[in-house]
Amino acid sequence: MRVIETIEEMQALTQKPLWNKKIGFVPTMGALHEGHISLIKKAREECSEVVLSIYVNPSQFGENEDLSNYPRTLREDLEKAKKAGAGFVFLPYDDEMYPVGYGSWINVEEITEILCGKSRPGHFRGVATIVAKLMNIVQPDFMYMGEKDYQQVAVLKKMINELHFKTKIVTCPIVREEDGLALSSRNKYLNDDERVRALCLKKSINKARELFISGETKVDNIRKEMESIISNANGVVDYIEFVDKDTLRTKIDVDNNTRVVLAVFIESTRLIDNSDLR
């Protein structure tokens, strides 16, 4: 496995014969868990070579968010990446990605103004910009992303389509702990009590599915039951929304094309989850 730290070296590599092969790309902010590993392995199965990036992107963190405390575990990450099958790891630096005077940004309108975008203004501008930069540097054929960040995937698919990038997104299922908690680098912030309470996200999703299967289609009724489960765990709801799984438009009545998406605070840790209801 080769570690690359400069844009110049990464771009030089994209011009070599290796890049005539099928390249899979997994962009991450590090603190790798089994969800990330599953993406690397999927890319390894389907592509000739796999590039992983590790970069804690400052432009997607808002004021008073957890940039300075975001878990950084580079040594362990490199060991995991090599074992999973990554051939290259790209580790860019802030001063190269955002040099003094940097002023070029990508705004994907409307779809970024709801859900996490409403709660975290400017977040998706940072996400879209860094992913566009990484795709331009790495030149992958396929980019592997998990469904846990459901809105992020939708935003990036829209950006890729409208800006005519050649890269295609391969979306992979959410990876969960045995008890149902969606894997996230931010789970490391949870103490033992908070970790147990965090199960309220998956429990509330299970309740929503149960109600839908039993015939309930009114969003307000389902949301009320979900809020009760989260409240009983002393969680604080940021949002619970029922959206069209393709467009993310809000639904009043639930149907087979609905995705439930939610964000919940367990003390100071903000967790997200989502699921179809079929």
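The values are calculated or read from the model by the stated rules, or taken from the named source; none is laboratory data. Keep in mind the model is a prediction, meaning the values are calculated, not measured. Methodologically, a virtual Cβ is constructed for each residue, glycine included, from the backbone with ideal geometry; neighbour enumeration extends over all protein chains shown. The accessibility values were calculated without ligands, DNA or RNA, using every heavy atom of the protein model including side chains. Shrake-Rupley method; radii C 1.70, N 1.55, O 1.52, S 1.80 Å.
Structure notes:
- Residues within the stretch 121-133 that are touching a residue at least 40 places away in the same chain (Cβ under 8 Å) and open to solvent by less than 30 Å² (accessible area, probe 1.4 Å), tallied: 7
- Count of the stretch 134-159 residues which are within 21 Å of GLY103 (Cα to Cα) and either modelled with pLDDT under 95 or open to solvent by 20 Å² or more (accessible area, probe 1.4 Å) (or both): 1
- Within the set GLU34, GLU49, the sole residue that is of a type in the set (D, E, K, R), under 14 Å from the mean Cα position of the chain (by Cα), open to solvent by 20 Å² or more (accessible area, probe 1.4 Å) and on the phi < 0 side of the Ramachandran plot turns out to be GLU34.
- Residue within the stretch 271-278 that is assigned to a loop (DSSP other than H, G, I, E, B) and at pLDDT below 95 present: yes
- Of residues in the stretch 195-224 being open to solvent by 80 Å² or more (accessible area, probe 1.4 Å) and of a type in the set (D, E, K, R), the one nearest to the chain's Cα centre (by Cα): LYS203
- Residue in the stretch 84-120 that is most open to solvent (accessible area, probe 1.4 Å), counting only those that are part of a loop (DSSP other than H, G, I, E, B) and under 28 Å from ILE37 (Cβ atoms): TYR93
- Unmet requirement for ALA81, which otherwise passes all of (1) open to solvent by less than 10 Å² (accessible area, probe 1.4 Å); (2) among the hydrophobic types (A, V, I, L, M, F, W, C); (3) assigned to a loop (DSSP other than H, G, I, E, B): (3)
- When the criteria are applied in full, GLU76 fails the requirement of being modelled with pLDDT of 95 or more and within 21 Å of VAL153 (Cβ to Cβ).
- The residues in the stretch 225-268 that are among the aliphatic types (A, V, I, L, M), open to solvent by 50 Å² or more (accessible area, probe 1.4 Å) and on the phi > 0 side of the Ramachandran plot can be counted, and the count is 0.
- Within the stretch 17-70, if we keep just the residues that are part of a loop (DSSP other than H, G, I, E, B) and of a type in the set (Phe, Trp, Tyr), the residue that is nearest to CYS116 (Cα to Cα) turns out to be PHE61.
- Residue within the stretch 248-265 that is among the acidic types (Asp, Glu) and either within 23 Å of the chain's Cα centre (by Cα) or assigned to a helix (DSSP H, G or I) (or both) present: no
- Flag if LEU52 is under 21 Å from ILE174 (Cα atoms), touching a strand residue (DSSP E or B) at 6+ places or on another chain (Cβ under 6 Å) and at pLDDT 95 or above: yes
- Here THR167 clears all of (1) free of Cβ contacts under 8 Å to residues at least 12 places away in the same chain; (2) closer than 24 Å to VAL155 by Cβ; (3) not aromatic (Phe, Trp, Tyr) except the condition numbered (1).
- Search result, residues across the stretch 76-94 that are among the basic types (Lys, Arg) and more than 24 Å from ALA12 (Cβ to Cβ): LYS80, LYS83
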